[in-house]
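Worksheet: the structure to be examined is printed underneath.
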Amino acid sequence: RTIGNTSLYQDDDKILWLFYNAVMVRGGWSGALINYVISHDNGHSWSSPKRFATTIGNLVKNSPLRLDAASFLLPCYTEFLSHKSYVCKVIHRNGEIVSKTCDAQINAEGLIQPALVRSRNGDILMILRDRSKQRIHISRSTDGGERWSGPERVGLPNPDSANAAITLDDGRILLAYN
């Protein structure tokens, strides 16, 4: 079994959440599911794996974005039958998922591996890889990740390679891309 694309998050209780893709059937990443483990001791030991996504072809790549002490957004995407991005809102308590909703989708084929950052005005930006080897795309949420704008191309080339982004302490966004 192949695993990859780890996505790490530390919640306000100092619990580490490690999401990763586990290829369950032949076909590469299109046969993967999202699993996760947690650690209460800063990564010295981990829980048994739990399944986050139950349908093959769902993957993670970038880190979750904190909403508040009890919730975060996990950026996800599909690679089975379609290549689209979506976001799951996770509500948690003591290292357990209390609820999750994965309804916030980007309706654009070929835009995958979303990275989430918060802008200076509080909006959440989703930065997307373009499988057609053209430009990085950005979508915006003004309501905490419930709904997303249509993706827009930005003036940065993207040769179908991964992106990563963080918001710096001063509010600027740092984007790493190829």
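The values are calculated or read from the model by the stated rules, or taken from the named source; none is laboratory data. A quick note: this is a predicted structure, and the numbers were derived from the prediction, not measured. Cβ atoms come from the backbone with ideal geometry, glycine included; neighbour counts cover every protein chain shown. Areas reflect the complete protein model, heavy atoms only, side chains present, ligands, DNA and RNA absent. Shrake-Rupley method; radii C 1.70, N 1.55, O 1.52, S 1.80 Å.
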Solution diffusion estimate, µm²/s, Stokes-Einstein, the range 31-93, Kirkwood Rh from C-alpha pairs, 25 °C, viscosity 0.890 mPa s: 190
Farthest positive-ward along the range 36-174 dipole, Cα basis, beta-carbon charges - from ASN158, THR142, ILE124: ASN158
Accessible area of the range 37-99 divided out per residue, in Å², using a probe of 1.4 angstrom: 48
Over the range 77-175: Kirkwood hydrodynamic radius from C-alpha pairwise inverse distances, Å: 14.2
Karplus (6.51, -1.76, 1.60) ³J(HN,Hα), θ = phi - 60°, over the range 65-77, in Hz, Gly and Pro reported as x: 10, 5, 9, 7, 4, 10, 8, 8, 9, 10, x, 10, 7
Most positive-pole-ward Cα, GLN10, PRO64, TYR177, against dipole of the chain from beta carbon charges: TYR177
Residue-span extension gain [ARG66 to ASP170] - 0.36 nm each, minus C-alpha spacing: 35.7 nm
Test item: Cα-centred dipole of the range 74-178, Lys/Arg +1 and Asp/Glu -1 on Cβ, debye: 100
Separation in nanometres of the label points that stand 7 Å from Cα toward Cβ, at ASP160 and SER82: 2.0
For the chain, built as a Gaussian network whose Cα springs stay under 10 Å, the top-fluctuating residue of ASN42, ASN58, ASN107: ASN42
About the Cα centre, charge dipole magnitude for the chain (Lys/Arg +1, Asp/Glu -1 at Cβ), debye: 480
Under-5 Å amide H pairs with SER161, H placed in peptide plane, nonlocal only: ASP130
Value in Å of the Kirkwood radius, where the range 101-149 supplies the Cα pairs that are averaged: 11.3
Heavy-atom SASA rank of ARG140, ARG118 (probe 1.4 Å, accessible area, largest first): ARG140, ARG118
LEU111 accessible area, assembled protein chains, probe 1.4 Å, Å²: 10
The chain, Rg to Rh (Cα coordinates; Rh as Kirkwood inverse mean 1/r): 0.95
The range 19-178 - percent of accessible surface contributed by carbon and sulfur, probe 1.4 Å: 48
